[in-house]
Amino acid sequence: MGKAKKLFIKTYGCQMNVYDSERMGSALAADGYVPADSPKDADLVILNTCHIREKAAEKVYSELGRLKPLSEAKAASGGQMTVAVAGCVAQAEGGEILSRQPMVDLVVGPQAYHRLPGMVARARGGEGAQIDTEFPAEDKFDHLPEAPKARRAPAAFLTVQEGCDKFCAFCVVPYTRGSEVSRPAEKVLAEARGLVERGVVEITLLGQNVNAYHGAGPDGADWSLARLIRELAKIEGLERLRYTTSHPNDMTEDLIATHGDEPKLMPYLHLPVQAGSDRVLKAMNRRHDAASYIRLIERIRAARPDIAISGDFITGFPGEMDADFEATMALVREVRYASAYSFKYSPRPGTPAAEAEQVPEGQKAERLARLQALLTEQQTAFQQACIGRTLPVLIEKPGRHPGQMVGRSPYLQAVHLDCDPGLTGRIVDVTIEKASANSLSGVLAA
Ligand code: SAH
Ligand code: SF4
Ligand code: F3S
């Protein structure tokens, strides 16, 4: 083995990319790559990209532009910087990336990460640009090592399901991640046990449609997400479970009931609805209407009254009229979100809605501003309502000021407090004293 080479991974997009980046990092560690703090001087730079909206892909090309002088400097000093584009832009654009930015040495799609170390070795060995955007039959997770044993973050992600068969009219995910695949339950349980042995106390189960999980169980039956959560909850030392992202149509009775009776399942649910107009929901191919979503939220709240609901919204989907947008505002007022993400519709090449007549940019922006004002108002109200409460907080890492630590509440809020760093990984009671739009602060309860 030669001397250690430096690896820098920049991650865009969703939590699944965060998880994938960690596993790519551990696969390359076996070839002698150690993490670098910046791309400057790195031997290998991986951009793990997102294709969900226009700006996401553009960011990648500007980042490549910024890497260029660094790569030239590295070459001038006799080194070699290999540049890889991974993730959903890699899957969607493939060889296009090489034509647009010839400095890229390799392009690898999300289902081919177990082949990355070989591709890197060939690219560095002078075999030219490498591309792999196949959806191979073998399970990449069987060939990718888990995160290195030394890592001791108290909260971790664990991918249980990948891909999507829903084909919402606006979305690229079914094309970039492929069709829905669930990992076998035993593999998920084993990975979770391994994480807990390394000090993890909170696991967020990931999937593009995580509540559609239907992995093979050790008993030969297909396990639902509810079943998987109940079994994971039996792992001693694992204190908290979350899952994301869910589709309303896959919220089963059993999963709703689990929110009521499994104390380790945290009272937070990200349940995107995208729009409140039945006409728009139909055009989006979401396959449910506004009333059924609202009834669903009511049933979830009946099972777990304090649950924090979060959502995603799109403004200016093709065909959206003023009255449709008002229906979205009405739905938001009715549901009352604890947090939410909202976006202007962005036409994605290859998706059905990109071909339709578009809503003018100004209108999309105006609606987004009004929606965001309402959502911010609701989020602030939820945050303010926490003042005076004592919440169990998982201490995760040092905060901005010396002596300050940051943790997470059950509702996924960041909580700042002064406490002993030795409490990292512990769940402590914190009395909340202040709230801002995005975080809380408080003191250790007596
Ligand atoms: N699987 C999840 C969403 C994954 S994408 C689900 O079904 O809810 C995350 C969010 O990005 C979506 O919920 C949607 O609000 C937004 N999004 C996806 N495609 C978009 C597009 N073309 N333009 C704008 N926002 C989009
Ligand atoms: Fe995209 Fe719809 Fe699948 Fe979510 S359910 S990933 S929005 S196609
Ligand atoms: Fe983006 Fe791909 Fe995730 S498009 S949101 S990185 S699945």
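Values quoted throughout were computed directly from the atomic coordinates according to the rules given, and no laboratory measurement underlies them. Because the structure is a prediction, the values reported are computed rather than measured. Neighbour counts run over all protein chains shown; Cβ positions are idealised from the backbone, glycine included.
Numbers below:
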item: Full-stretch length increase - Y341, A75 - with 0.36 nm per residue and alpha-carbon distance subtracted; result: 91.6 nm
item: Computed E for E54/Q101 - FRET, C-beta separation, R0 22 angstrom, nearest 0.05; result: 0.80
item: Chain lengthening between H143 and A373 when straightened (0.36 nm per residue, less Cα-Cα); result: 78.2 nm
item: Cα pair distances in the chain, grouped into 10 Å bins until the bin that holds the longest one, percent each; result: 4, 19, 28, 28, 17, 4, 0
item: Nonlocal amide H pairs with Y33, under 5 Å, H built at 1.01 Å; result: K5
item: Under 14 Å, Cβ to Cβ, from V89 - net charge with Lys/Arg +1 and Asp/Glu -1; result: +1
item: Summed residue charge, Cβ within 14 Å of A76's Cβ, Lys/Arg positive, Asp/Glu negative; result: +1
item: Neighbour cut-off at most 14 other Cβ (10 Å), DSSP loop, GluC sites (Glu not before Pro), the range 356-393; result: E357
item: CD proxy at 222 nm, helix term only [per DSSP H run n ≥ 4: -39500 (n - 2.57); per residue of the chain; nearest 500]; result: -10500 deg cm²/dmol
item: FRET efficiency, M321 to F135 (Cβ-Cβ, R0 35 Å, nearest 0.05); result: 0.35
item: Sites K434 and K187, calculated FRET efficiency, Cβ-Cβ separation with R0 51 Å, nearest 0.05; result: 0.75
item: Cα→Cβ-extended label distance, 7 Å offset, between R400 and A121, nm; result: 4.6 nm
item: C-alpha center-to-center spacing [the range 371-403, the range 281-305] in angstrom; result: 26 Å
item: Cysteines in the chain lacking a second Cys C-beta under 4.7 Å; result: C14, C50, C88, C164, C386, C419
item: Local electrostatic count at Q111 - Lys and Arg +1, Asp and Glu -1, tallied over other residues with Cβ under 10 Å; result: -2
item: Long-range HN-HN contacts of K344 with modeled amide H, under 5 Å; result: T315
item: Separation between Cα centres of the range 112-182 and the range 218-233, rounded to whole Å; result: 24 Å
item: Label-point separation in nm, A446 to Q358, each point 7 Å along Cα→Cβ; result: 6.1 nm
